[in-house]
Each structure stands twice: as C-alpha cells, then as structure tokens.
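Colleague: My questions will all concern the structure given below.
The values are calculated or read from the model by the stated rules, or taken from the named source; none is laboratory data. None of the values given here were measured: they were computed from a predicted structure. Note that each Cβ is placed from the backbone with ideal geometry, even for glycine, and that neighbours are counted across all protein chains shown. Just the protein is used for accessible areas: all its heavy atoms, side chains included, with ligands, DNA and RNA removed. Shrake-Rupley method; radii C 1.70, N 1.55, O 1.52, S 1.80 Å.
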Amino acid sequence: MKYKYKAMTKGGQAIEGVFEANSESEVVAMIKGNSYLPLNVERDVGAEAQFEMFSAKVKKKDLAIFSRQFYTMIDAGLGIVKCLDIMELQTENKTLKKTLGTVTEDVQKGLTLSEGMDKHPRIFPSILVSMVEAGEVSGNLDAILERMAVHFEKENKIENKIKSAMIYPAALMFVSIAVVIFMLVFVMPTFTGMFEGSGVPLPGPTKFLLAISDSLQNYWYLYFAAIGLISFGTAAYIRTEDGRTNFDSLKLKMPVVKGTTAKVITSRFTRTLSTLMDSGIPLIKSMEVVSRVVNNKVIEERLMNSIEQIRKGVPLSRSVKDVGVFPPMVDSMIKIGEESGSLDDILLKTADFYDEEVEVALTKLTTLLEPIMIVGMAVIIGFIVIAMYLPMFDMMQTI
C-alpha cells in the first residue's frame, strides 16, 4: 500500500512524497535510512480508493468464504488481528487481500473491526459492517459471522441461478447475430452480380439488404465503433443517478422480466431483514441497511419512504405493502410475525419460500425467452431469404 510522508532534511528543508510499503514502520525506516527526520506518515487514502474503484469486485462468494473462515478462527479462540493476518495471507481475491491489510493496520491502531471495514464501502457491504458491529456490541461475533456466511452463500446461489438462466438466451442471441452477419457479408454478395446483370429493377427490400451488405464489407469498423460508443454511453448513463433509476424502473415494468425481478427483490429483502433483526439490530436501522442491498434504486427510494412511515408509528406490514412491489403474501406474513412476536422467524420462512419461487420464475423466463428469440431469428432470416429471391421471381416473369 502507498503512504504519504513528510520529512525534514539535515538542512531544515521540508520534503514530502509517496512511498509504497507494507507498514508505516517501513516508511519511517526508509526516511531515517536517508538521514531525514520523519514528521508525518499516513496512508494514501486517495490511492486506496482509486485502487478499490478500478480493481476487481469482491463477489458474494468471496464474502461468504471470508465470513465462514473468519467465524471458524474466532470460534477456535484466535484474536481478531491474528485472524485478519491469516485471512490476508490465504485470500485469493487481490482486492480483498489488499483491503484486509489496511483493516488490520486500523485495528492495530485501536479501531474496532466494524470501523475498519466501514472505511471500505465498495468492498464490505453495509449489511456485513452492521452485523459485525452488532456482534462486537453483543459479544457474539462468531455467531454473527456464521450467520453472514450462510447469508452470502444463499445470495451467491441466487446470483448464480440468474446468471445460469441468462446463458442460453445470450448464446442464442449471439448465434443469431452471427448467422445474419454471415448471410449479409458472404451469401448476399454472390447474388449481387446476377442482379446487376439482369437489368430487372430491384425491389426495396433487396436494395436495403444490398446496401447493408455493402456497408458491412467496406465500413465494418464504423459498426464496431458505433457498438462501442453505444455500449460505453449506456454503461455511463446507467452509472448516473437518473440512469440507474430509469433502468431499475424498466426492470420492474417489462412484461417478460418484471415478475422475476419482483421475486428476486422479495427474496433478498426478507432474508436480509430477517438476518439483521435476528441479530438484535433495531427495525429502523435494519430497514436502512436493507434498502441499500435490494439492488434496485426505485425500491430503495420506496423503502426509505416506508422508514419515515415506521417512525410515525405505521406498522411494518402496512409500510411494506405501500412499497408496491412485494407480493400480497409478504405483508400478510409480516403482519402475522408482528402479532406473534416472531417476525425474524417468519421473514426467514418467507425468504426460503421465495428462494424456490425465484428458481421457478427463472426457469419459466428462460422457457419463454427461447421461443421468442427463435421466432425473432426466423423472421429476420426469412426476410433476408425473401429479399434475395424476389428479384429472381421478377427475372423469371421477364423471361
């Protein structure tokens, strides 16, 4: 990691710079080795933040392994600093490895584990930080870490199901595009000479396809540039506040995917809220954390509004119903939990139910997308074939 330092030369001149080292003591040793007087040494937070922003993401699987191994070592009686040292050595994710080194230094300086983790929001999600803080206060950090391991393992399982469900449609779309490009670039030109020599006026669809075929052969780089610019522009727009809100709103409205999206959000909401409340975190604090982990800006804003309703005395079941995305079963189950005093247990059972519903919904989504894409591919290829043969019919009538 990088450190910013200030030192004074023998002549009394103040100097400053940046040095990469494993600890502050190494930086101090370097300064003294150059016969300078060290004045101040501190981590280059800006460099660390930039590293975290552009480095590989820490996946749910990495967090699950981190929580599970941390729990095992804490349960065996190892100290937090020793656990962090071991975790840093054996963690394969380079981003997490570097961050753990920074957290270890912060803990050695007197910060709590949750405070050290909270300085890296891009690495450690708010639910993990809040749960670790609750474990530190209650003295059952090992049980909290085990619970978080289970939580991230189930989150990772859901994400893997979503990715697996999208592989086949994505592959089918890629093949469809490849077939269309092959026909336009390699098949269509073989008919061009015959069309030109016939003297028969070409129909509009044929002229259109010939123009596209010609542009693909001669100006293919413009297509690549356009695709790159559109992809970059779309990604940049989605990263903005308005772009993220509009994109998430679209996922909740699209006929084919809105049902699956709602079930994924419901599963994530109920499981996270159950985990937090079962660990003794107050309802308001739990809802604030949950609103940030549902991974949908529109629902996040609605959940923040529901928090204001709860502060005014509105029951959780009523405020959740007003969010407008959760199935009727959710607010009914929450109401039962509120009345029976077992809200965390009810939420966990609801989460287990919707985990299964997500799997069924993803299977249905894949089944539905397959014929839609096949029909779309057939229409496009059929249009190309008809456009190629229309001039031939005209030539036969002329003869």
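Colleague: F326 fails exactly one of the following numbered conditions: (1) touching a helix residue (DSSP H, G or I) at 6+ places or on another chain (Cβ under 7 Å); (2) in a helix (DSSP H, G or I); (3) open to solvent by less than 60 Å² (accessible area, probe 1.4 Å). What is the number of that condition?
Modeller: (2)
Results for (1) small (G, A, S); (2) at positive phi; (3) buried (at least 17 other Cβ atoms within 10 Å of the Cβ); (4) at pLDDT 90 or above, shown as yes or no for each residue.
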residue	(1), (2), (3), (4)
V58	no, no, yes, no
L63	no, no, yes, yes
F66	no, no, yes, yes
F70	no, no, yes, yes
Q90	no, no, no, no
N93	no, no, yes, no
L96	no, no, yes, no
K109	no, no, no, no
R122	no, no, no, no
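Colleague: With (1) over 19 Å from M254 (Cα atoms); (2) part of a helix (DSSP H, G or I) as the list, and L362 as the residue in question, which single condition is left unmet?
Modeller: (1)
Colleague: Residue check: is L390 farther than 27 Å from S279 by Cα and more than 29 Å from the chain's Cα centre (by Cα)?
Modeller: yes
Colleague: Here is a follow-up. Here are the criteria: (1) of a type in the set (A, V, I, L, M, F, W, C); (2) surrounded by fewer than 17 Cβ atoms within 10 Å (Cβ to Cβ); (3) under 24 Å from E88 (Cβ atoms). Tell me which single one M166 does not satisfy.
Modeller: Here M166 clears every test but (3).
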